[in-house]
Amino acid sequence: MDKISVLIPTIQRNVKVFYKLLEVLKIDNAVGEILVINNALKEFPDFVGHKKIKIYTPSENMYVNYAWNMGVMLLENEKFLIMNDDILCCENFCSKILESKILDQETTGLVGLDNTFINQKSRETTTDISVPEIEPDSTPCFVPLPNYMGTGDWGSAYFGKKKNFYNIPTDLRIIYGDNYLLYKNLQNGKTNYKITGLRFNHIHSLSSAAPEFSAIIGADIKNSKKYFG
């Protein structure tokens with residue numbers, strides 16, 4: 001049976017939401033492994049020691065984009081899902097995407113979220129979010145993305161295959177990694193998609209909006225111009 005490897009970098013800003021996400025993913029039969037890049041550099045509670053969950057703790061914060069680069073190389077399965085740690089999907093999310101066969105199409109690049117289906121919560125006031133409820137027979141639909149910019153929260157959770165992942169430049173550390181991946185797939189004749197029909201609950205920019213990251217994000221914005229004009 002086909003399996004999905006899930007990759008999640010985290011700095012554990014909201015442990016309650018992050019652990020709830022792990023609980024949802026680990027009961028999904030389509031999930032073969034969950035690799036957590038522990039950029040928080042602090043220990044997890046013992047309960048995370050589930051057979052599907054693997055923890056990699058670097059010597060220092062790798063930030064999002066490099067964690068994606070390194071993490072994808074460590075995944076066991078060809079098909080992957082990369083997620084933020086502040087978003088909750090419905091139960092059996094990976095199973096629904098695998099059953100759709102969208103990742104089996106040779107022309108498919110990457111498949112991410114449609115932000116009109118994301119319920120955004122304020123990072124200033126929200127301490128918890130719930131797992132979105134959907135009808136048992138709900139099925140995802142896929143809308144092609146004609147461009148690589150203006151994708152909103154597309155990169156909060158996106159599927160792909162290792163052969164369609166490209167190392168993100170090292171001078172893009174926190175943002176624009178998803179734009180770069182979309183761009184490279186379009187360059188190579190692939191079609192990227194956004195998922196409609198399934199809802200997500202999200203604490204928007206929970207980690208990236210922290211003041212200590214503003215200088216890095218400023219540099220990312222400046223450096224992005226060499227890749228996107």
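Taken together, the values in this text are just the output of simple stated rules run on the coordinates, not laboratory data. For clarity, every value in this text was computed on a predicted model and none was experimentally measured. Cβ: placed from backbone, ideal geometry, glycine included. Neighbour counts: every protein chain shown.
Evaluate E = 1/(1 + (r/R0)^6) for ASN147 and GLU43, where r is the Cβ-Cβ distance and R0 equals 45 Å; express this FRET efficiency to the nearest 0.05. Don't skip to the end; give the middle numbers.
Details: r = 42 Å, r/R0 = 0.93.
Once rounded, the FRET efficiency stands at 0.60.
Cross-link candidates for LYS26: which aspartates and glutamates have Cα within less than 17 Å, leaving aside residues fewer than 8 places away along the same chain?
ASP2, ASP46, GLU76, ASP85, ASP86, GLU91
As a quick test, which of the pairs LYS3/LYS190; LYS79/LYS163; LYS16/LYS121; LYS3/LYS42 have an alpha carbon distance above 19 angstrom in this structure? Could the numbers behind the result be given before it?
Numbers: LYS3/LYS190 22 Å; LYS79/LYS163 9 Å; LYS16/LYS121 15 Å; LYS3/LYS42 29 Å.
The answer is LYS3/LYS190; LYS3/LYS42.
Can you pull the semi-axes for the range 81-176, root of five times each eigenvalue of the Cα gyration tensor, sorted largest first, whole Å? Each step should come with its number before you reach the end.
Working: eigenvalues 101, 86, 29 Å².
Output for the range 81-176: semi-axes of 22, 21, 12 Å.
Consider all pairwise Cα distances in the range 58-116 and report the whole-number % of them above 17 Å.
Values: 908 of 1711 pairs.
Beyond 17 Å sits 53 percent of the P(r) for the range 58-116.
For the pair ASN115 and GLU212, how long in nm is the line joining their label points, each one 7 Å along Cα→Cβ?
2.6
Could you compute the longest span of the chain free of GluC sites (Glu not before Pro) located in DSSP loops and having at most 15 other Cβ atoms within 10 Å, not counting the site residues?
Numbers: sites that count: GLU43, GLU60, GLU76, GLU78, GLU106, GLU124, GLU133.
My reading of the result: 134-229 is the longest stretch.
How much length is gained if the chain between VAL15 and ILE55 is pulled fully straight, taking 0.36 nm per residue apart and subtracting their Cα-Cα distance, in nm to one decimal?
Working: separation 40, 0.36 × 40 = 14.40 nm, distance 1.49 nm.
Here the answer is 12.9 nm.
Starting from the Cα of LYS194, draw a straight line to each of the aspartates and glutamates and keep only those under 12 Å, dropping any in the same chain fewer than 8 residues away.
ASP114, ASP153
With only alpha-carbon atoms counted, please give the Rg and Dmax of the chain, in Å.
Both quantities, over Cα of the chain: 16.4, 47 Å.
So how much slack lies between GLU106 and LEU74, counting 0.36 nm per residue of separation and subtracting their Cα-Cα distance, in nm? If you can, show how the numbers build up before the last one.
Details: separation 32, 0.36 × 32 = 11.52 nm, distance 2.30 nm.
Gain on stretching GLU106 to LEU74: 9.2 nm.
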